[in-house]
Structures are given as C-alpha cells and as structure tokens.
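Contents: one structure, followed by commentary.
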Amino acid sequence: MPQTTARGPRKLRSTNPRTGEPFRDIPAATKAEVLDAVAAARKVAPEWGSLDPRGRAHILKEVRHNIYSHLDVIVDTISMECGKPRAEALSAEVLQVVLSWLYLERTAPKHLRSERLGGALGFALGLPTTAQYRPYGVVGAITPWNYPFGLAMAAIAPALFAGNAVVLKPSEVTPGVGEVVKSILEPLPPGVATVVQGAGNIGAALVDAPCDKICFIGSPETGRKIAAAAAAHLTPVVMELGGKDAAIVCGDADLDLAASGIVWGANVNAGQTCAAIERVYVVDSVADEFSALVLDKLGRLRQGDDDSDVGSLTFKKQFDSVARQVKDAVGKGARLLAGGPDAGPPNQNGSLWYAPTVIDGVSDDMQAMKHETFGPLLPIIRVQDEEEAIRRANEDSFNLTASVWTTNSRRGAAIADRVKAGIVVINAHGETWGTVWAPWGGIGESGYGRLNGRLGLHEFVYPVTIGRNAIPRMKRLWWYPYDEATEDAFRHSIGALSAPAIGDKLRHVPDLVKSARRALRAKL
Ligand code: NAD
C-alpha cells in the first residue's frame with residue numbers, strides 16, 4: 001500500500017508492466033511544494049517573458065540537445081515503465097518532441113511578432129492598431145501516462161517558447177518518466193520549468209495555486225473537474241481529451257493499405273492512444289475481404305517481450321477496464337474474431353499483456369461502443385454505404401480524429417469535409433500529431449483549444465491591442481457634445497458606407513463632410 005497524505009500518495013511506484021516488477025519509488029510533492037514551484041515560476045516569468053523570442057529559442061535549443069544526449073535513458077525508461085516497444089517510444093514520443101521543438105525554434109520568433117491590423121481602414125478612422133502577443137505568466141501543465149514523455153514535453157513546449165514559466169505535473173502512473181523530464185529540463189534557468197510529481201491531488205493544487213493558464217491532457221472526466229476548478233479563478237484552459245475515433249472504409253478502398261493502417265491505428269501503444277481507432281465502419285460489399293485481411297495481419301503481430309510489435313497495457317486499472325469492455329461486448333452478443341482474455345502472452349506476477357482483439361456484431365448498448373476503450377480492441381461495423389458510415393461516425397460516439405480510406409481522392413476529401421472531428425486524415429490515421437505545424441485538438445468531449453502549429457503557440461499568449469490616435473490635433477467626432485451636427489455626421493457616414501447603390505453612397509459624402517466640420521468645431 002502506498003503511504004498517503006490526506007488526499008494523495010506520498011510515494012509513487014514505478015513498475016514494469018511487462019513483468020509486474022516494481023522498479024523504484026519516487027516521492028510525491030506536497031501541496032506546499034506546488035505553491036513554492038508556482039511562486040518561483042511567478043518570480044522568474046517576467047524576465048523569461050521579456051527575453052527576445054530568438055534569445056529564448058536559443059536557450060530552449062539546449063533542451064533539444066539534452067534529449068539527444070540522453071536518448072537511451074529516455075527511451076529505456078519510457079519503454080520499461082509503459083510496456084511500450086522501443087520503436088514507439090522513439091517515433092511517437094521522442095521524434096515528435098524533437099520535431100515540435102525544431103518547429104518552435106524556427107517559427108516562434110516570427111509567430112510572436114506584433115502585427116499591424118486594420119490596414120487602410122484603421123488609418124481612415126484615425127486609429128491604426130497593432131496586436132502584441134504577451135505570455136500569460138505561469139502555465140500549469142497536467143499530463144497523462146500514455147505518452148508520458150511526448151505529451152509532457154508537448155504541453156510545455158509552446159508555453160515556454162511563448163515566454164511563460166511552467167510548472168508540470170506529469171502522471172503518477174509513470175513517475176520514472178517524470179524524473180527523466182525533470183532532468184531534460186535542467187539547462188533552463190531555475191524556476192522556468194519545474195516538475196512536481198504526484199497524483200490528482202497535486203494536479204488539483206496546481207490548478208488552485210492558481211496559474212495564469214492551464215494546459216490539460218487527459219480524460220474528459222478529469223477535464224470536467226479541472227474546468228470547474230479553473231473557473232473559480234477564471235483561468236483559461238487548453239483541454240486535450242479523449243476520443244472514440246472512427247475509421248471509414250469506402251467500397252473503393254485499397255483494402256490491403258486500409259487493413260495495415262487500421263491494424264496499426266487501433267493497436268499502436270496497445271491502443272492506449274487518444275487518437276486510436278476504436279470503431280471501423282466498413283461498406284458491406286468489401287467487409288468480408290477487409291476483415292480477413294485485418295485478421296491475417298493481426299495474426300502476424302509479435303507480442304510478449306521488450307521489442308514486440310504490440311506492448312503490454314500500462315497499469316492495472318487500464319487492463320481491468322479493457323477486459324471489462326470486451327467481456328461486456330461478448331456478453332451482449334458481439335462475436336470475438338481475434339484476441340480476447342484467453343489469447344496473448346500469459347500474465348504472471350502482475351504483468352499486463354492483452355492480445356489485440358477484434359469483434360463484430362456490436363450494438364449500441366455495449367460499453368465498448370459508448371465509452372473510450374483505450375486498449376487493443378477493434379470493433380468492425382458493417383454499413384450499407386458511405387452515407388451510413390458518415391452518419392454513424394458522427395452520431396454513434398465522439399471523435400478526436402477520424403480517417404477515411406478510399407482510392408478516390410475527391411470522395412476522400414468530400415467525406416473528410418463531413419466528418420465531425422478535430423482532425424481527419426485520408427488513407428492514414430492519427431499521424432497528424434507529428435505534423436507539428438498543423439493545429440491538433442478536439443471538439444466536444446474531445447476537448448477545446450489547440451496544441452501544435454501557430455494556433456498551438458498562440459494558446460499561450462494573450463493578444464493586446466495597441467491603438468494610436470493618428471490625428472491627435474483633431475478632436476474626435478464622438479466626443480461631447482452630442483449635437484445635431486454630430487448626429488447628422490454619423491447618419492451620413494452610415495449612408496456613405498452602406499447604402500445599397502453606389503449613387504446613393506456618393507450622395508451622402510458632401511453632407512457628411514459638411515456636418516462633420518460643423519460638429520468638430522463645437523467639440524469641447
Ligand atoms: P486522467 O484524466 O486520469 O489523468 C490525467 C492527469 O490529470 C494526471 O496527471 C492526473 O494525475 C491528473 N489529475 C487527476 N485528477 C485531477 C484533478 N482533480 N485535478 C487536477 N489534475 C488531476 O487521464 P489519464 O488516464 O492519465 O490519460 C488517459 C486520457 O488522456 C484518455 O482519455 C486519453 O484519450 C487522453 N489523452 C488525450 C490526448 C490528446 O491529445 N487529446 C493525448 C493523450 C491522452
């Protein structure tokens with residue numbers, strides 16, 4: 001049993017889920033330590049935020065170099081603590097972070113530059129405007145265990161490049177990776193990026209500290225609690241939540257490609273991926289062939305050791321939740337086509353292997369169709385045609401991302417336009433997490449706000465409009481007194497701008513000039 005404070009554990013246990021072996025214990029922070037970290041961040045934030053963005057990017061580059069120097073320890077720790085194949089730790093976590101860092105090093109100085117807005121209209125109204133982008137100050141980041149390195153770094157990267165100091169609360173399920181993140185951030189000045197380890201109570205203390213902005217990546221349930229707690233301080237939040245992503249296989253799909261991509265998209269990180277495929281709608285005419293290809297490819301996946309294709313699940317609660325959903329689906333009449341509780345490597349001493357599983361014959365009352373599974377379970381659903389697939393992808397559940405599989409690029413684009421999701425990919429799935437220049441995020445239950453790209457960086461700055469009176473020697477038409485000439489001038493301005501015919505517009509101009517002159521002479 002972990003030693004606990006009133007509300008959370010004092011120690012976090014790092015465990016290898018492939019074997020069930022505990023690895024080490026890591027102390028959790030106290031609430032007082034969270035407040036100290038936020039106070040230290042608040043102290044250093046003005047200086048960090050006032051650095052020239054290029055100078056800041058130069059300092060942040062050291063973090064990327066540190067990742068390169070510590071690659072083996074990062075990858076080994078992720079792989080050991082998550083049960084994740086090394087190839088996935090390298091590609092979906094470290095490579096993604098390196099790409100994101102490189103993108104921000106190159107583009108953040110440009111994207112943070114002040115912008116002149118309004119153009120000629122601003123000058124015509126005598127008030128040209130500029131938008132400045134200022135960092136919030138202190139950003140609190142709270143992140144999950146499924147990509148514990150990649151997502152912790154993704155949550156803090158745009159905040160740091162934008163000039164905020166950050167306090168990160170990584171997941172209590174993967175505290176060893178939390179320690180690695182701490183050491184990777186060491187080149188930064190003290191207080192600029194602090195890691196506080198702990199469970200939900202420590203995350204709650206961070207939200208309540210309060211911070212100036214929160215970046216949360218996790219489940220919709222926790223997202224709701226954080227939104228409510230942040231609302232008490234009016235703290236804005238970026239919410240990156242879960243998904244029950246749909247793939248649509250059209251009648252003209254390249255079925256070999258679709259089966260390969262969907263087997264990967266459903267089982268990457270043992271399905272513990274926010275953008276994992278959790279339901280595939282296949283047009284009836286190709287459903288038999290598609291299912292046969294999926295089962296063939298699935299049968300060739302390796303599972304059971306450090307370098308298998310499909311890793312273990314990461315912790316017991318997740319294992320139990322996946323097992324419960326499969327049991328519930330089969331109990332309600334789903335047909336088990338592959339995998340299930342009796343397949344896969346045997347679990348001894350607390351290891352958490354679960355075989356990639358395929359079911360069909362599903363119905364809406366099954367847990368696996370209503371809630372995120374977050375495990376290696378792929379329901380195949382036959383539909384009459386693409387129209388039904390689109391309707392069900394939009395109505396049956398919620399998508400963070402979705403994919404369309406077709407050999408007709410026009411059809412692909414037309415279907416993508418109609419699918420409700422934050423991200424839709426044609427003939428691939430979920431890969432846009434790596435397109436670090438494009439916005440990433442969901443709608444509805446999948447969250448709000450964006451990471452990645454210019455929009456992701458701009459989540460961590462607030463725009464300040466600076467207006468300049470370009471004709472300060474002249475009083476303003478809307479100042480006191482509100483006399484008849486002032487009213488006439490406004491009436492004729494509206495006429496000159498919005499009368500339907502050009503002749504009518506022009507007829508207002510001389511009266512506008514006359515009444516404006518009269519009005520301005522009388523201003524106080
Ligand atoms: P979770 O919501 O259980 O926990 C996430 C984090 O929130 C953890 O660090 C946890 O300690 C903290 N937390 C828990 N209660 C809290 C509270 N009351 N106040 C503040 N912090 C609190 O999620 P999880 O199980 O770690 O992660 C899985 C979920 O994350 C899935 O739903 C998955 O889809 C989602 N996810 C989303 C994305 C995305 O980019 N949209 C990426 C990865 C994972």
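The values are calculated or read from the model by the stated rules, or taken from the named source; none is laboratory data. Since the model is a prediction, treat every value here as computed from it, not as a measurement. With ligands, DNA and RNA removed, areas are computed over all heavy atoms of the protein, side chains included. Shrake-Rupley method; radii C 1.70, N 1.55, O 1.52, S 1.80 Å.
Remarks
- Relative contact order computed over the chain (Cα-Cα under 8 Å; 6+ residues apart), in percent: 17 percent
- Debye intensity ratio in log₁₀ form over the Cα atoms of segment 219-298, taken at each q of 0.14 Å⁻¹: -0.57
- Counting only DSSP beta bridges whose two residues both lie in segment 101-174, roughly 40 percent are antiparallel.
- Rounded D (µm²/s) - segment 389-524, Kirkwood Rh over Cα pairs, Stokes-Einstein at 4 °C, 1.567 mPa s: 64 µm²/s
- DSSP bridge orientation in the chain - percent antiparallel, rounded to nearest 5: 40 percent
- Nonpolar atom fraction for the chain, defined as the carbon and sulfur part of the 1.4 Å probe accessible area, stands at 56 percent.
- Taking all protein chains together and a 1.4 Å probe, the residues Thr401, Thr77 rank Thr77, Thr401 from largest to smallest accessible area.
- The value given for segment 430-508 is a Kirkwood hydrodynamic radius of 17.8 Å, derived from the mean inverse Cα-Cα separation.
- Taking every Cα-Cα distance in segment 121-179 and sorting them into 5 Å bins from zero, the calculated P(r) comes out as 4, 18, 20, 14, 11, 7, 6, 6, 5, 4, 3, 2 percent.
- Distance cut-off 20 Å, percentage of C-alpha pairs in segment 364-431 lying past it: 27 percent
- Straight-distance crosslink candidates among lysines, where the alpha carbon sits under 22 Å from Lys297 and sequence neighbours closer than 8 are dropped: Lys84
- The Cα center of segment 290-305 and the Cα center of segment 458-522 differ in position by 70 Å.
- Taking all protein chains together and a 1.4 Å probe, the residues Lys84, Lys297, Lys317, Lys182 rank Lys317, Lys182, Lys297, Lys84 from largest to smallest accessible area.
- Lysines whose Cα lies under 21 Å from that of Lys11, excluding same-chain neighbours fewer than 8 positions away: Lys31, Lys169, Lys182, Lys316, Lys317
- Fraction of antiparallel bridges per DSSP, segment 315-426 only, in percent to nearest 5: 30 percent
- Applying D = kT/(6 pi eta Rh) to the chain, where Rh is the Kirkwood radius over alpha-carbon pairs, T corresponds to 25 °C and eta to 0.890 mPa s, the Stokes-Einstein value obtained is 96 µm²/s.
- 222 nm mean residue ellipticity, helices alone, for the chain (DSSP H n ≥ 4; -39,500 (n - 2.57); rounded to 500): -13500 deg cm²/dmol
- Taking every alpha-carbon pair under 8 Å whose residues sit at least 6 apart, segment 267-361 reaches a relative contact order of 27 percent.
- List Phe319, Phe216, ordered by accessible area with a 1.4 Å probe, largest first: Phe319, Phe216
- In summary, the lysines within cross-link reach of Lys505, defined as a Cα separation below 24 angstrom excluding same-chain residues under 8 places away, comprise Lys514.
- Accessible area (Å², per residue) of the chain, counting only protein heavy atoms and a probe of 1.4 Å: 45 Å²
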